[in-house]
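Coordinate-derived values only; no laboratory data. Source: prediction; values computed, not measured. Note that we place each Cβ from the backbone using ideal geometry, even for glycine, and neighbour counts take in every protein chain shown.
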Amino acid sequence: MAEAAAASAHHPERASAADWIAVAAGSLGALMATLDISITNSALPQIQGEIGATGTEGTWISTGYLMSEIVIIPLAAWLTRVFGLRNFLLSASILFILFSMMCGLSHTLTAMIIGRIGQGLTGGAMIPTGQTIIRSRLPMSQLPVGMTIFGLIVLLGPLLGPVLGGWLTENISWSWCFFINLPVCLGLIALLLIGLPSDRPHWDAVRQADWVGIVGLSAGLSSLTVVLEEGQRERWFESNMIVWLSVLSFAGMVLIAISQFTAKKPVMRLSLLRNPRYASVITIVTIVGGVFYSVIYLIPQFLGLIAGYNAEQSGWIMLMSGLPAFLVMPLLPRLLGRVDFRILCIIGLLCFVVSCLLDIHLTAQSVGHDFVWSQLIRGSGQMLVFMPLNQASMAAVSREEAGDAAGVYNMARNLGGSIGLAIIGTVIDRRNTFHVAAIRESLTANSLLGQERIAAYAANWFARTGDMAYSKMRALGQIAAQIQQQAMVITFSETFYVLAIALALCIPLALLLKTPTYHAPASGGH
């Protein structure tokens with residue numbers, strides 16, 4: 001009773017203006033971090049040309065960010081305890097500005113990668129801390145509003161990135177994909193100074209830290225991310241780099257496991273997964289995160305390779321999935337406060353499954369408007385899945401565990417994205433090779449349809465060039481290109497089918513979700 005009364009005293013039924021300013025700061029930091037995951041995708045060709053990087057080398061511009069971000073996310077709770085929340089976020093914001101300027105002014109690949117790693121370390125820290133601010137500063141009755149704002153930002157950031165990056169690159173310069181962080185960060189710093197109280201560092205936490213877990217987490221997760229991101233391009237275990245990074249990743253995981261038994265306060269509290277409700281949230285968000293980032297990759301690839309869209313045009317199609325969130329945003333907090341999370345999550349998963357099934361019927365003639373319905377349904381599904389999961393992850397733990405829970409939750413979502421992209425990259429590569437071979441076998445020299453098509457193409461080229469040998473060669477080239485295109489369309493359809501199955505498998509796990517009681521005062525434990 002005393003704990004409940006204390007909690008009620010510290011968390012009244014209505015949040016103050018300072019509380020909402022703190023929530024705005026946390027949400028803005030999360031937006032900046034999630035936006036920078038994908039804002040460089042549209043500008044990658046121009047960046048590579050400017051700094052003299054090949055296509056393979058240019059992938060490290062994205063991999064460097066993801067590698068460092070996934071390490072810092074679970075460390076954020078410990079770093080907050082060491083430096084204090086306001087000190088930590090202010091330092092991260094200032095460093096994020098400096099690393100962003102470094103990226104925008106880079107003329108070499110080395111400088112760009114160092115800047116992106118720094119961006120990932122400082123920006124990634126703002127994602128779980130934003131969630132922690134909302135959980136600790138808002139009363140339970142207003143938690144749905146705060147978590148809705150946070151959830152929408154995390155959802156829309158990766159979708160908005162390619163559009164904004166493409167527009168800045170086309171109309172100003174690729175450097176502004178990084179320079180735009182300066183005014184945003186200055187606004188964030190102002191909100192942090194106003195909304196968060198000053199706090200003192202606790203240097204004892206450094207001496208008592210779980211250094212075994214920190215080393216294991218840093219080595220294990222960073223290596224695993226590189227393996228997943230670069231494995232397909234490096235032909236997996238045919239590459240010595242992938243082999244040694246896999247060994248390092250395994251060693252890191254062993255150290256993390258050891259720290260769970262030897263440290264008083266493990267830096268990554270995997271003991272939270274003993275709670276079946278929290279474990280079900282983590283499992284679902286890992287799989288849904290994998291599908292979410294896979295779709296963000298698949299649709300622009302289809303539109304670019306098959307429909308001939310540029311990055312900005314593809315970005316606008318991707319942004320359509322954010323439209324349902326904007327339309328129902330005023331109603332969403334009330335919906336989350338009154339409807340059982342299990343129902344919302346299952347409906348969301350079903351919408352997500354349907355959206356993937358709609359995309360298995362694509363053809364070589366499909367263009368952007370053929371994705372309208374699947375994107376709108378997918379956007380509804382994403383919203384109804386991620387919003388309850390965000391809040392269910394916090395509802396399954398106490399306020400004191402919120403920081404650690406947020407770190408594991410956000411790490412799981414990002415790690416799921418890396419795993420999903422690695423799997424579909426392998427599936428696409430191998431299935432496309434299979435379908436190209438199968439179509440070529442069916443199109444033999446005895447195929448009447450094939451001979452007619454080649455003759456028609458050759459006649460068309462002969463009318464334009466007057467050279468029959470050259471015309472036949474160009475005709476065969478056209479047939480080969482069509483075979484490749486048709487094989488790619490079949491492969492994309494199969495991939496969307498696999499994603500639908502993965503989402504359907506999450507439905508039974510949704511029955512374990514816990515719906516929080518928003519109108520009761522928060523207690524010290526659950």
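Take each peptide in 401-412, 213-224, 264-275, 308-319, count the other Cβ atoms within 10 Å of every residue, and average; sorted highest first, the result is 401-412, 213-224, 308-319, 264-275.
Amide H to amide H distances under 5 Å link Gly84 with His202, where only residues 5 or more positions off or on other chains count and H is placed in the peptide plane.
The C-alpha atoms of the chain define a longest principal axis, and helix 448-465 lies at about 80 degrees to it. Rounded to whole numbers, the Karplus 3J(HN,Hα) couplings from phi for the stretch 420-426 are x, 5, 5, 5, 5, x, 5 Hz, using 6.51 cos²θ - 1.76 cosθ + 1.60 with θ = phi - 60°, and x at Gly and Pro.
Val215 to Ala504: FRET efficiency via 1/(1 + (r/R0)^6), r the Cβ-Cβ distance, R0 35 Å, to the nearest 0.05?
0.35
With neighbours defined as other Cβ atoms within 10 Å of a residue's Cβ, the residues Ile127, Ile70, Ile347 order from fewest to most as Ile347, Ile70, Ile127. Residues whose amide H lies under 5 Å from that of Val367, counting only those 5 or more places away or on a different chain, are absent; hydrogens are built 1.01 Å from N in the peptide plane. Annotation: extensible slack from Thr110 through Arg338 equals 76.9 nm (criterion: 0.36 nm per residue apart, minus Cα-Cα distance). Relative contact order of the chain: 22 percent, from C-alpha pairs under 8 Å at least 6 residues apart in sequence. A simple rule links phi to the HN-Hα coupling: the Karplus curve 6.51 cos²θ - 1.76 cosθ + 1.60 with θ = phi - 60°, which for the stretch 103-116 gives 5, x, 9, 5, 10, 10, 5, 4, 4, 5, 5, 4, x, 5 Hz, with x for Gly and Pro. The gain in end-to-end length when the Arg207 to Arg440 segment is fully stretched comes to 77.4 nm, 0.36 nm per residue minus the alpha carbon separation. Summed over qualifying helices (DSSP H, 4 residues or more, each -39500 (n - 2.57)) and divided by its residue number, the chain shows a 222 nm mean residue ellipticity of -26000 deg cm²/dmol. A full extension of the chain between Met101 and Gln484 corresponds to an added length of 133.7 nm, given 0.36 nm per residue minus the alpha carbon distance. Simple spin-label estimate for Ser198 and Ile172 gives 3.5 nm between the two label positions (7 Å along the Cα-to-Cβ direction from each Cα). Each label was represented as a point 7 Å from its Cα along the Cα-to-Cβ direction; for Ala459 and Trp316 these points are 3.9 nm apart.
In the stretch 210-270, taking the dipole from charged Cβ atoms about the Cα centre, the farthest positive-side position among Ser239, Ser222, Val267 is held by Val267. Residues whose amide H falls under 5 Å from that of Ile180, counting only those 5 or more places apart or on a different chain, are absent, with hydrogens built in the peptide plane. Peptide packing: for 22-29, 247-254, the average count of neighbouring Cβ atoms within 10 Å per residue gives the ranking 22-29, 247-254, highest mean first. Each Cα pair under 8 Å and six or more residues apart adds its sequence gap; the mean of these over the residue count of the stretch 210-266 is a relative contact order of 55 percent. Label-to-label distance for Ala257 and Ala17 is 5.4 nm, based on points extended 7 Å past Cα in the beta-carbon direction. Couplings 3J(HN,Hα) of the stretch 213-224, computed from phi: x, 5, 5, x, 5, 5, 6, x, 6, 5, 5, 4 Hz, in residue order, whole Hz [Karplus 6.51 cos²θ - 1.76 cosθ + 1.60, θ = phi - 60°; x for Gly and Pro].
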